[in-house]
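K.L.:
Before I ask anything, let me first share the structure, which is written out below as structure tokens.
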Amino acid sequence: MMGENTAAEPELSYEEAREELNTVVRRLESGGLTLKESLALWERGEELAKTCEAWLEGARAKLAAALAEDSPDDGDGDAPF
């Protein structure tokens, strides 16, 4: 996955990144933060959003590959769903 600004951090799962992003958004929306704190949270939110998007892009690619593998079959009933 992407490790641009988070080389020292362990890689987050999609769910972990999404939950932390929700927390960041709630803190920003609640107000009462200094400008410096708000900017730091915003930057963290941007990183988390990129992490989530990378996971989603990977999932889309896997789904597209799986669908491409199934498409040469003429629908002979072997599909798992």
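K.L.:
Would you please name the residue that is farthest from the chain's Cα centre (by Cα), looking only at residues in the range 28-60 that are among the polar types (S, T, N, Q) and more than 11 Å from Y14 (Cβ to Cβ)? Working first, answer last.
P.N.:
First, the residues of the range 28-60 that are among the polar types (S, T, N, Q): 30, 34, 38, 51.
If we keep only those that are more than 11 Å from Y14 (Cβ to Cβ) too, we end up with 30, 34, 38.
Values: S30: 24, T34: 27, S38: 22 Å.
Only one residue tops the list, namely T34.
K.L.:
Taking E11 and the conditions (1) modelled with pLDDT of 95 or more; (2) under 14 Å from the mean Cα position of the chain (by Cα); (3) among the charged types (D, E, K, R), which numbered condition does it fall short on, given that it satisfies the others?
P.N.:
(1)
The values are calculated or read from the model by the stated rules, or taken from the named source; none is laboratory data. These numbers come from a predicted model, not from an experiment. Every residue, glycine among them, receives a Cβ derived from its backbone with ideal geometry; neighbour counts consider all protein chains shown.
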